[in-house]
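In what follows, a structure is listed as structure tokens, so that the remarks can point back to it.
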Amino acid sequence: DSIDRIIFQKYWAGNHAPRHTFLFSPKVLKETLKKAGFNNVLVKQDINPGQIVISIQNYFQRNKKDLANNPDLEFGRTKFYSYYLLLALPINILFYLFSKTGNINFYATKD
């Protein structure tokens with residue numbers, strides 16, 4: 001239920017197969033962990049403007065035919081990735097304030 005997922009849809013960085021096989025909302029993740037017998041469950045939003053920057057990059061790159069030999073990319077990221085992170089940070093903080101970021105962290109214990 002993140003804002004960036006709603007905005008970027010199929011270009012959203014969280015759609016990262018095969019690593020992300022199921023996308024949890026914070027509520028569903030918490031419920032699932034509790035049903036599995038975990039205690040002290042804490043699910044928190046995370047500030048990570050990389051989700052937004054990679055989503056924008058995905059949007060522009062998906063229409064290019066030869067991504068592997070694209071001179072605009074270094075290690076899979078645009079050359080100005082670090083600068084774009086700084087530009088996206090205020091937007092990501094706004095999403096964080098509404099508890100609607102594309103990244104969540106969780107902590108849980110099992111006795």
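Could you report the chain's accessible area per residue, 1.4 Å probe, as an integer in Å²? Write out the running numbers ahead of the final one.
Details: 8080 Å² over 111 residues.
That works out to 73 Å² for each residue.
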Between the Cα axis of helix 81-97 and the main Cα principal axis of the chain, the angle (0 to 90°, nearest 10) is 30 degrees
Between the range 82-111 and the range 1-45, what is the separation of their alpha carbon centroids in Å? 12 Å
Anything over 23 Å Cα to Cα? Flag those among Lys10/Lys35; Lys27/Lys110; Lys27/Lys100, in the order listed. Lys10/Lys35
Accessible surface, 1.4 Å probe, highest first, among residues Ser82, Ser55, Ser25: Ser82, Ser25, Ser55
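How many percent of the accessible area of the chain is carbon or sulfur, using a 1.4 Å probe? Spell out each step's value before the answer.
Values: 4730 of 8080 Å².
Accessible surface attributable to carbon and sulfur in the chain totals 59 percent.
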With +1 at each Lys and Arg Cβ and -1 at each Asp and Glu Cβ, the charge dipole magnitude of the chain around its Cα centre, to the nearest 20 debye, comes out at 260 debye
Protein chains only, probe 1.4 Å: how do Thr78, Thr32, Thr101, Thr21 rank by accessible area, largest first? Thr21, Thr32, Thr78, Thr101
Want the number for Ser82 to Ala17: 0.36 nm per residue separation, take away the alpha-carbon distance, what's left? 21.0 nm
The longest stretch of the chain containing none of the chymotrypsin sites (Phe, Trp or Tyr not before Pro) that sit in a DSSP loop with at most 11 other Cβ atoms within 10 Å is 23-74
What is the sum of charges around Leu42, taking Lys and Arg as +1, Asp and Glu as -1, for the other residues whose C-beta is under 12 Å from the C-beta of Leu42? +3
Specify which labelled value, from [x] 1.23; [y] 1.08; [z] 1.45, agrees with Cα Rg over 2.2 N^0.38 Å derived from the coordinates of the model shown. [x]
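The values are calculated or read from the model by the stated rules, or taken from the named source; none is laboratory data. Not measured: the values here are computed from a predicted model. Methodologically, a virtual Cβ is constructed for each residue, glycine included, from the backbone with ideal geometry; neighbour enumeration extends over all protein chains shown. Each accessible area value is taken on the protein alone, full model and side chains, heavy atoms only, with ligands, DNA and RNA left out. Shrake-Rupley method; radii C 1.70, N 1.55, O 1.52, S 1.80 Å.
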